[in-house]
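Notes follow once the structure below has been shown.
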């Protein structure tokens with residue numbers, strides 16, 4: 001009987017230390033992309049990655065959780081990669097974005113997604129240009145189904 005009580009006590013202590021260790025550890029290891037911090041370098045050197053993107057309002061999110069879903073097809077040479085991510089919605093409607101505003105809103109996402117390493121390039125991927133080609137379902141009354149489509153040109157700037 002005494003052995004069982006000792007084993008239960010040791011198991012309880014082990015579980016407590018594990019949970020408290022996770023709770024007070026800061027949530028895991030270091031940030032995998034610590035170099036994705038401002039300021040971004042100017043896209044004046046490095047290899048180009050071209051692609052197309054679509055962005056639409058996520059109908060599930062609401063309030064503070066509201067965001068856009070962005071899908072991009074990026075190509076460099078014979079390589080093609082698909083990327084999908086959620087971008088913070090902010091206060092603006094997706095239909096009110098112009099190319100510059102959308103470029104600013106998405107500026108750090110290529111780095112955080114590791115786009116350069118997906119294509120075997122080292123350095124920081126920076127949006128060189130972004131153009132909105134088409135909008136759909138934009139109306140003065142409701143933009144719940146609104147979508148935008150466009151082209152993006154990234155440049156992977158080598159590290160100094």
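The values are calculated or read from the model by the stated rules, or taken from the named source; none is laboratory data. For clarity, every value in this text was computed on a predicted model and none was experimentally measured. Every residue, glycine as well, gets a Cβ built from its backbone with ideal geometry; the counts of neighbours run over all protein chains shown.
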Next item on the list: Kindly indicate whether residue 82 is in contact with a strand residue (DSSP E or B) (Cβ under 7 Å, 6 or more places away or on another chain) and not in a strand (DSSP E or B).
Entry: no
Check: Would region 100-120 turn up any residue that is part of a loop (DSSP other than H, G, I, E, B), surrounded by fewer than 19 Cβ atoms within 10 Å (Cβ to Cβ) and modelled with pLDDT under 90?
Finding: no
Checklist line | Residues (surrounded by 15 or more Cβ atoms within 10 Å (Cβ to Cβ) and part of a loop (DSSP other than H, G, I, E, B)) located in region 138-160 | finding: 138, 143, 146
Notebook entry, point to check: Only one of these conditions is not met by residue 54: (1) at pLDDT 90 or above; (2) not assigned by TED's automatic domain parsing to the domain that holds residue 152. Which number is it?
Noted result: (2)
Next item on the list: Out of the residues in region 121-136 that are over 16 Å from residue 101 (Cβ atoms) and touching a strand residue (DSSP E or B) at 6+ places or on another chain (Cβ under 6 Å), state the one that is surrounded by the most Cβ atoms within 10 Å (Cβ to Cβ).
Entry: 125
Check: Among the residues of region 82-98, is any at pLDDT 95 or above and surrounded by fewer than 11 Cβ atoms within 10 Å (Cβ to Cβ)?
Finding: yes
